[in-house]
Amino acid sequence: MDKDTQAHVDAVTRRLLAAAPDDLRELVLVVAAVHEERDPAGLREAALRVGAGRDADAVVAIALAFGEVCKVTDDASLDDYVARHAGHLRALLLFELAHEGEATDAMTAAAERAGFVRELWRWDARVVL
């Protein structure tokens, strides 16, 4: 990993350490460590290498879904996004938040639709840029 990429990963990790609740902390920290890998097979291997263990499938799903929230433009795409990522939506939105440094309107809408917008706001208040 080059110096700039490592600095980026370190910044996302710091934000996650500040914001992540205990039940998501380990998972999202692994996602942060490997999210620059875009090949699914390479991503799984990287996740296992850094200790994902039984969470490797979730790490891969979250890392590959990363960035999709910016494609949410209307109610239909919001419903689709929330439904497709229901099993890991909290972790995905926490990672998105830490990556961006603040909650976007689309992140807020997804969290609201899924019933945890107040939790997203708490995470957002804890994120340190």
Quiz item: Is segment 44-52 home to any residue that is β-branched (Val, Ile, Thr) and part of a helix (DSSP H, G or I)?
Solution: no
Practice problem: Tally the residues that are within 17 Å of the chain's Cα centre (by Cα), part of a helix (DSSP H, G or I) and surrounded by fewer than 19 Cβ atoms within 10 Å (Cβ to Cβ), restricting the search to segment 7-22. | Solution: 9
Practice problem: Give segment 23-36 a look and list any residue that's assigned to a loop (DSSP other than H, G, I, E, B) and open to solvent by 70 Å² or more (accessible area, probe 1.4 Å), or say none. | Solution: GLU36
Quiz item: Does PRO21 qualify as being without any contact (Cβ under 8 Å) to a residue 40 or more places away in the chain and out of contact with any Phe, Trp or Tyr (no Cβ under 7 Å at 6 or more places or on another chain)?
Solution: no
Quiz item: Limited to segment 44-59, what total is found for residues that are at pLDDT 95 or above and β-branched (Val, Ile, Thr)?
Solution: 1
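Got a sec? Which of ARG90, ARG118 is more than 18 Å from LEU16 (Cβ to Cβ) and either under 11 Å from the mean Cα position of the chain (by Cα) or modelled with pLDDT of 95 or more (or both)? Talk me through it step by step, then tell me what you get.
Values: ARG90 fails: more than 18 Å from LEU16 (Cβ to Cβ).
None of the other options fit; the residue is ARG118.
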Quiz prompt | Restricting segment 71-121 to residues that are within 18 Å of VAL12 (Cβ to Cβ) and of a type in the set (D, E, K, R), the residue that is least open to solvent (accessible area, probe 1.4 Å) | solution = GLU96
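Just to be sure, is ALA41 free of Cβ contacts under 8 Å to residues at least 12 places away in the same chain, part of a helix (DSSP H, G or I), farther than 27 Å from ALA125 by Cβ and open to solvent by 40 Å² or more (accessible area, probe 1.4 Å)?
On the way: free of Cβ contacts under 8 Å to residues at least 12 places away in the same chain: yes; part of a helix (DSSP H, G or I): yes; farther than 27 Å from ALA125 by Cβ: yes; open to solvent by 40 Å² or more (accessible area, probe 1.4 Å): yes.
Yes: the conditions hold for ALA41.
The values are calculated or read from the model by the stated rules, or taken from the named source; none is laboratory data. This structure is a prediction, so every number in the text was calculated from the model and none was measured. Using ideal geometry, Cβ is built from the backbone for each residue, glycine included, and neighbour counts are taken over all protein chains shown. We work out accessible area using only protein heavy atoms, side chains counted, and drop any ligands, DNA or RNA first. Shrake-Rupley method; radii C 1.70, N 1.55, O 1.52, S 1.80 Å.
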